[in-house]
Amino acid sequence: MNNPFKFGSVVSENYFTDRQEEYERLKQIISSENHVIMMAPRRFGKTSLVNKVINSIERPVIWLDLQLLTGVSDFASQLLKQLFKKYPFEKLKFLISNFRVIPTLQLDPASNNVEISFQTRVESFVQLEDVLNLIDKLGEDRSKPIVVLDEFQELLNLDKSLDKKLRSVIQFHKNVNYVLMGSVESLMRQIFENKKSPFYHFGQIFTLNKIPLSDFRDFLDTRFAKITERHDEISETILEFSKCHPYYTQQLAFHVWMKIEREQDSENIVQNTISDIILMHDNDFDRIWSNFNNTDKKILIGIAFSDSKLLTDEFKSKNNLNASSTVFSGLKRLQEKGVLLKTDSYEFDDPFFKEWIVKKRNEN
Ligand SMILES: Nc1ncnc2c1ncn2[C@@H]1O[C@H](COP(=O)(O)OP(=O)(O)OP(=O)(O)O)[C@@H](O)[C@H]1O
Ligand SMILES: [Mg+2]
């Protein structure tokens with residue numbers, strides 16, 4: 001039987017659960033005159049959801065991950081490259097002839113991919129501005145393009161004043177919907193919720209949460225029911241550990257399924273699978289751990305061991321974490337790195353990493 005769980009890449013159809021309300025809401029905004037600012041921690045399912053909405057509407061989509069760009073010129077050429085995948089070559093070639101800086105185009109006849117380079121050493125916004133305005137122009141006579149900019153919080157790393165420049169151009173666009181996504185919530189909020197920021201109130205803020213317990217339970221339960229009678233208990237135990245994190249839940253479910261198929265079901269199967277996964281990532285966790293400074297290590301240990309998820313006063317005083325500013329900046333740093341998530345309090349993003357810390361400490 002095919003393993004019904006999937007983790008790591010975009011999920012759709014049978015691997016995708018719930019998000020009905022989010023799906024409708026997102027579709028509505030994208031079909032209006034508005035833009036979307038989507039925030040959620042890593043691997044919460046941003047891409048999968050946006051993908052599902054986009055696939056349900058027939059419109060050209062230009063998708064770019066800012067994390068992979070090397071500068072403003074690269075931003076312009078990668079965006080243009082995406083356009084060549086969606087629009088006829090001749091049409092674009094004609095429109096590009098009006099650019100202030102004409103790029104060099106190289107067509108690979110085998111793949112039909114177009115490579116683009118702006119032959120200039122000067123990083124200039126002019127190229128990007130021309131490409132962005134071209135997208136708006138293309139929206140005039142065909143259906144409106146959707147431009148998705150992923151890991152948008154990277155914007156200022158490309159150029160310190162790129163927020164101002166970008167906003168000044170795209171605010172006039174009437175024929176494009178922008179979906180600006182990001183996984184570092186604190187940075188995204190600085191860009192979109194700080195009154196002084198050029199992107200303040202640029203679009204509809206859309207935060208994506210974990211998948212609700214009852215939906216995720218049904219999702220796991222109906223699938224595990226196909227191979228074991230203990231499907232209820234297994235689903236419950238998995239979710240208790242993963243705390244409904246979309247990615248880690250699917251990862252654990254995938255491995256539990258595989259173990260059941262290989263070794264048959266047994267009482268401690270979920271716990272044993274967790275141990276297997278931790279062992280599998282031992283090297284990675286070791287490396288990640290050794291890169292933390294001492295304060296961060298103390299904070300992580302404190303959180304890993306306290307189920308209330310709060311650092312107790314006793315713990316703080318035992319570990320010289322008395323200055324609340326030290327703890328505060330540590331928590332903020334760990335959150336920006338994606339190690340901790342802020343919910344009602346702080347919790348680990350990766351439940352396996354948390355368990356690894358607990359196990360290692362207990363071995364000592
Ligand atoms: N609606 C869903 N139902 C079930 N599982 C999901 C859902 N959305 C996401 N997942 C799980 O989370 C994983 C990551 O999803 P996705 O790549 O869409 O997240 P993301 O937020 O875009 O991640 P990244 O931060 O890496 O860009 C998927 O591979 C899948 O295992
Ligand atoms: Mg993604």
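Read-outs throughout are calculated quantities, based only on the coordinates presented, and are distinct from any laboratory measurement. All values derive from a computational prediction rather than experimental measurement. Cβ: placed from backbone, ideal geometry, glycine included. Neighbour counts: every protein chain shown.
Observations on the structure shown:
- Helical mean residue ellipticity (222 nm; -39500 (n - 2.57) per DSSP H run of 4+; nearest 500) of the chain: -16000 deg cm²/dmol
- Length gained when the stretch Glu24-Lys174 is fully extended (0.36 nm per residue, less Cα-Cα span): 51.8 nm
- ³J(HN,Hα), Karplus 6.51/-1.76/1.60, whole Hz, each residue of the stretch 28-33, x for Gly, Pro: 4, 5, 5, 8, 9, 8
- Taking chymotrypsin sites (Phe, Trp or Tyr not before Pro) across the stretch 96-183, the ones in a DSSP loop with at most 11 further Cβ atoms lying within 10 angstrom of their Cβ are Phe172.
- Annotation: amide H-H contacts under 5 Å for Asp150 (H modelled 1.01 Å from N, sequence separation of 5 or more, or interchain): Leu64, Asp65, Leu66, Met181.
- In this structure, the residue pairs whose Cα-Cα separation is over 28 Å, taken from Lys85/Lys174; Lys316/Lys354; Lys46/Lys165; Lys6/Lys297; Lys144/Lys342; Lys165/Lys342, are Lys6/Lys297; Lys144/Lys342; Lys165/Lys342.
- Most mobile of Ser186, Ser317, Ser329 in a GNM of the chain (Cα contacts under 10 Å): Ser317
- Among Asn34, Asn268, Asn177: highest mean-square fluctuation, GNM of the chain, C-alpha pairs under 10 Å: Asn268
- Tensor-based shape of the stretch 213-280 (alpha-carbon gyration tensor, a/c under 1.5 rounded, otherwise prolate or oblate): oblate
- In order along the stretch 205-214, the phi-based Karplus estimate (6.51 cos²θ - 1.76 cosθ + 1.60, θ = phi - 60°) of 3J(HN,Hα) comes to 6, 9, 9, 9, 9, 5, 7, x, 3, 5 Hz; Gly and Pro are listed as x.
- With at most 13 neighbouring Cβ atoms within 10 Å, loop GluC sites (Glu not before Pro) (DSSP) excluded, longest segment of the chain: 59-228
- Built amide H within the under 5 Å cut-off of Ile205, gap 5+: Ile37
- When the trypsin sites (Lys or Arg not before Pro) in the stretch 195-247 are filtered for DSSP coil states and for at most 12 other beta-carbon atoms within 10 Å of their beta-carbon, the remaining sites are Lys195, Lys196, Lys226.
- Mean separation of Cα contacts under 8 Å, 6 or more apart, over the residue count of the stretch 1-86: relative contact order %: 23
- Secondary structure note: in the chain, about 30% of the DSSP beta bridges are antiparallel.
- Working note: Karplus 6.51/-1.76/1.60 with θ = phi - 60° gives the stretch 100-110 the couplings 6, 10, 7, x, 8, 10, 10, 9, 8, x, 5 Hz, where Gly and Pro are set to x.
- Share of alpha-carbon pairs per 5 Å distance bin for the stretch 1-120, given as whole %: 2, 8, 15, 17, 16, 14, 13, 9, 4, 1, 0, 0
- With the Kirkwood sum run over all distinct C-alpha pairs, the chain has a hydrodynamic radius of 23.1 Å.
- All-pairs Cα distance distribution in the stretch 283-363, expressed in whole percent, bin size 5 Å: 3, 15, 29, 29, 18, 6, 1
- The ellipsoid that matches the Cα gyration tensor of the stretch 124-175 has semi-axes, each √(5λ) in whole angstrom, of 21, 12, 9, with the longest given first.
- Under 5 Å from the amide H of Leu340 lie the amide H atoms of Gln335, Asp349, each residue being 5 or more positions distant or on a separate chain, with H modelled from the backbone and absent for Pro and chain starts.
- Around Val53: net Lys/Arg minus Asp/Glu count, Cβ-Cβ under 13 Å: +2
- To the nearest ten degrees, helix 246-263 and the longest principal axis of the Cα atoms of the chain are 50 degrees apart.
- Sites matching chymotrypsin sites (Phe, Trp or Tyr not before Pro) across the stretch 240-273 that sit in DSSP coil, with at most 13 neighbouring C-beta atoms within 10 Å: none
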